[in-house]
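Colleague: If you scroll down you'll find the structure; I have some questions about it.
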Amino acid sequence: MKKKILLGLGVIAVLVVVSVAWILPGAFSAKRKPPAWEISMARFARYLATPRQWREAENPVEATPEALDEALHHFADHCATCHANDGSGHTQMGPKFYPPILDLRAEPVQAMSDGELFYVIHFGIRFTGMPAWGDGDPEKDLESWQLVHFIRHLPDLTSEEIARMKRLNPMTTEARAEQEALDRFLAGEDFEPSLKHGH
Ligand code: HEC
């Protein structure tokens, strides 16, 4: 009996999904830009869905220069592909997400508590493309807390820091080899970079 009810509910659920998708063409397209009401509703729902103990959690990591430096490495390697080194979200993919990636330096993000930022990094944001980075390793948790400090630092990022990050961004093997060749060349080593071949 119970099985039949469940099956019935399942069929209804599928019909609802199919008809919504059919009635609202483009309902699942990421191409449109979300209207302002949807953004505020989603942000409010996210706020409510963040357990209070996380919202109020204090950053256990001290914002030392070393911690910020590690976070810079980490951000350049894991986050910048989508968020850009400066946190602006101006990457190839950034504006193509639904919703488009927000500037991490902007008010709505900076107004979040440390705990809320940690929660986002640790648990991700469903339906957006923001991955959940937490994997139960307490060491990694501390790295995420370091990243929270780094997000606070983003508005004051210097051009030297951005230049360092560019070298830490994920690269293809070819691009890395080219970069290393160029470095050796610039360091004055007796080495001709492959870039210059053919002259
Ligand atoms: C695959 C792309 C991708 C990667 C990689 C990624 N993010 Fe995100 N991130 C997103 C998307 C998409 C959102 C959602 C934007 C929104 O909801 O406004 C987001 C949202 C966020 C937010 C919340 C901003 C807001 O709108 O409230 C924070 C904070 C954040 N990411 C930090 C990070 C950090 C730190 C890393 C690296 C450990 C990272 N992200 C890696 C795609 C990514």
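Colleague: In the stretch 101-135, whose amide N lies under 17 Å from the spot 7 Å out along Cα-to-Cβ of residue 63? List them in ranges.
Modeller: Residues 104-119 fall inside that zone.
Colleague: Among 175, 158, 97, which residue has its Cα furthest toward the positive end of the charge dipole of the stretch 31-190, with +1 on Lys/Arg Cβ and -1 on Asp/Glu Cβ?
Modeller: 97
Colleague: Net charge near residue 55: determine it from the other residues with C-beta under 13 Å of the C-beta of residue 55, scoring Lys and Arg +1 and Asp and Glu -1.
Modeller: Once positives and negatives cancel, what remains is -2.
Colleague: If one takes the longest principal axis of the Cα atoms in the chain, at what angle in degrees, from 0 to 90 and to the nearest 10, does the Cα axis of helix 36-49 lie?
Modeller: Between the helix axis and the principal axis of the chain, the angle is about 90 degrees.
Colleague: Further question on the same structure: Using 31 Å as the Cα-Cα cut-off, could you pick out the over-long pairs in 33/140; 3/31; 96/166?
Modeller: 33/140; 3/31
Colleague: Can you compute the FRET efficiency between residue 53 and residue 182 using 1/(1 + (r/R0)^6), with r the Cβ-Cβ distance and R0 = 35 Å? Round to the nearest 0.05.
Modeller: Once the sixth-power term is evaluated, E becomes 0.10.
Colleague: Quick check: at a probe of 1.4 Å, how many percent of the accessible area of the chain sits on carbon and sulfur atoms?
Modeller: 62 percent
Colleague: With only Lys, Arg, Asp and Glu charged, each at its Cβ (+1 for the first two, -1 for the last two), find how big the charge dipole of the stretch 31-190 is about the Cα centre; round to the nearest 20 debye.
Modeller: Computed charge dipole of the stretch 31-190: roughly 1240 debye.
Colleague: Rounded to two decimals, what is the ratio between the C-alpha radius of gyration of the chain and 2.2 N^0.38 Å?
Modeller: Normalised Cα radius of gyration, the chain: 1.35.
Colleague: Under 11 Å from the Cβ of residue 80, count the other residues' Cβ atoms, weight Lys and Arg +1, Asp and Glu -1, and hand me the total.
Modeller: Net local charge, residue 80 excluded: -1.
Colleague: Using a Gaussian network model of the chain whose springs link C-alpha atoms within less than 10 Å, name the residue from 91, 173, 128 with the highest mean-square fluctuation.
Modeller: Looking only at 91, 173, 128, the largest GNM fluctuation is found for 173.
Colleague: Accessible area per residue, 1.4 Å probe, Å², for the stretch 31-190: what's the number?
Modeller: Averaged over the residues of the stretch 31-190, the accessible area is 63 Å².
Colleague: When the Cα centres of the stretch 80-154 and the stretch 24-60 are compared, how far apart do they sit, in Å?
Modeller: 13 Å
Colleague: Cα gyration tensor of the stretch 83-156, axes a ≥ b ≥ c as square roots of the eigenvalues: rounded (a/c below 1.5), prolate (a/b > b/c) or oblate?
Modeller: oblate
Colleague: By how many degrees, between 0 and 90 and to the nearest 10, does the Cα long axis of helix 173-186 differ from the longest principal axis of the chain?
Modeller: Computed tilt is about 30 degrees.
Colleague: While we're on this one: Any chance you could give the angle, 0 to 90 degrees and rounded to 10, that helix 65-74 forms with the longest Cα principal axis of the chain?
Modeller: Tilt relative to the chain: about 70 degrees.
Colleague: How much length is gained if the chain between residue 1 and residue 96 is pulled fully straight, taking 0.36 nm per residue apart and subtracting their Cα-Cα distance, in nm to one decimal?
Modeller: Stretched out fully, the residue 1 to residue 96 stretch lengthens by 29.5 nm.
The values are calculated or read from the model by the stated rules, or taken from the named source; none is laboratory data. Everything quoted here is computed from the prediction, not taken from an experiment. Every residue, glycine as well, gets a Cβ built from its backbone with ideal geometry; the counts of neighbours run over all protein chains shown. Accessible surface areas use protein heavy atoms only, side chains included; no ligands, DNA or RNA. Shrake-Rupley method; radii C 1.70, N 1.55, O 1.52, S 1.80 Å.
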